[in-house]
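The values are calculated or read from the model by the stated rules, or taken from the named source; none is laboratory data. Source: prediction; values computed, not measured. All Cβ positions, glycine included, derive from the backbone under ideal geometry; neighbour counts span all protein chains shown. For the accessible areas, the whole protein counts, side chains as well, though only heavy atoms, and no ligand, DNA or RNA atoms are used. Shrake-Rupley method; radii C 1.70, N 1.55, O 1.52, S 1.80 Å.
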Amino acid sequence: MTQRIFLPVAFLALLLLGASGPGSRAWAGQEDARLGGLFQDLRTAGDAVAAEAVEDRIWDVWLEHPNDDLIVLMHHGVQSLNADRYGDALAAFDQVVAADPTYAEGWNKRANAEYMLGDYDAAVRDIRRVLALEPRHFGALAGLGLVYLAIDQPAGALRAFDAALAINPHLDRVRQQAATIRLRTARSAL
């Protein structure tokens, strides 16, 4: 089961979906054949409950890894994020990406810690790495939008939010944030 993380920045929860426990499943990651069907199911889900169930399955796939020690590090990092110990979280995720630089979710979690520490340049670099490994990572795209908002680049934020919504149209908070940016942009053009 996927553990969701709710940090003080509530909207960041879209980016900070937590890690599943160590298990015996083989790592499938971003290249897993199950993902194609899951993303189709996500786009066509008829309601929020169905969409959330599919979204959880996608996160479960992204979080899979054959190395139990790496999963333990992921858990430690997620727990540190939950406890607002961002430096500890970053240290754990540094170890994760060093152990497996092809593990997109390790980069995503590290970007979360960097964002919370205010290291926006590093967060953007890591999000770009996530997206190079898994271009459909709607959580990373939503996080990229948050980074762009933090550095006062609303046009970049809107592009990132729109890209996340194209993959997962059920991200209500992302949709609200995009609408707010559009409204502010329209008002400033008057």
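Taking a probe of 1.4 angstrom, what is the accessible area of VAL49 in Å², to the nearest 10?
120
For the stretch 58-116, what size does the Cα cloud have along each of its three principal axes, sorted from largest down, in whole Å?
That works out to 27, 23, 17 Å along the principal axes.
Using 0.36 nm times the number of residues separating ALA48 and ALA179, minus their current alpha carbon distance, what extension gain do you get? Don't skip to the end; give the middle numbers.
On the way: separation 131, 0.36 × 131 = 47.16 nm, distance 1.91 nm.
Going from the current span to full extension adds 45.2 nm.
Below 8 Å between Cα atoms, with a sequence gap of 6+, how large is the relative contact order for the stretch 99-176 in percent?
Details: 83 pairs, mean separation 18.0, N = 78.
Here the relative contact order equals 23 percent.
What figure, in Å² to the nearest 10, do you get for the accessible area of GLU55 with a 1.4 Å probe and non-protein molecules left out?
My reading of the accessible area for GLU55 is about 20 Å².
If I stretch the segment between ALA132 and ALA166 completely, what's the gain in nm (0.36 nm per residue apart, minus their alpha carbon distance), one decimal? Kindly include the intermediate steps, with their values, before the conclusion.
Values: separation 34, 0.36 × 34 = 12.24 nm, distance 1.72 nm.
So the chain would gain 10.5 nm between ALA132 and ALA166.
Just to be sure I follow: if Rg is taken over the C-alpha atoms of the stretch 44-143 and Rh is the Kirkwood radius over the same atoms, what is Rg/Rh? All intermediate terms of the calculation are to be shown ahead of the outcome.
On the way: Rg = 13.6 Å, Rh = 13.8 Å.
Radius of gyration over Kirkwood radius for the stretch 44-143 works out to 0.98.
In nm, give the distance between the simple-model label positions of VAL72 and ASP56, each being 7 Å from the Cα along the Cα-to-Cβ direction.
Result: 2.7 nm between the two label points.
Near GLY87, within a Cβ-to-Cβ distance under 13 Å, what is the net charge of the other residues, with Lys and Arg +1 and Asp and Glu -1?
Working: positive: ARG85, ARG110; negative: ASP84, ASP88, ASP94, GLU114, ASP119.
So the environment of GLY87 carries a net charge of -3.
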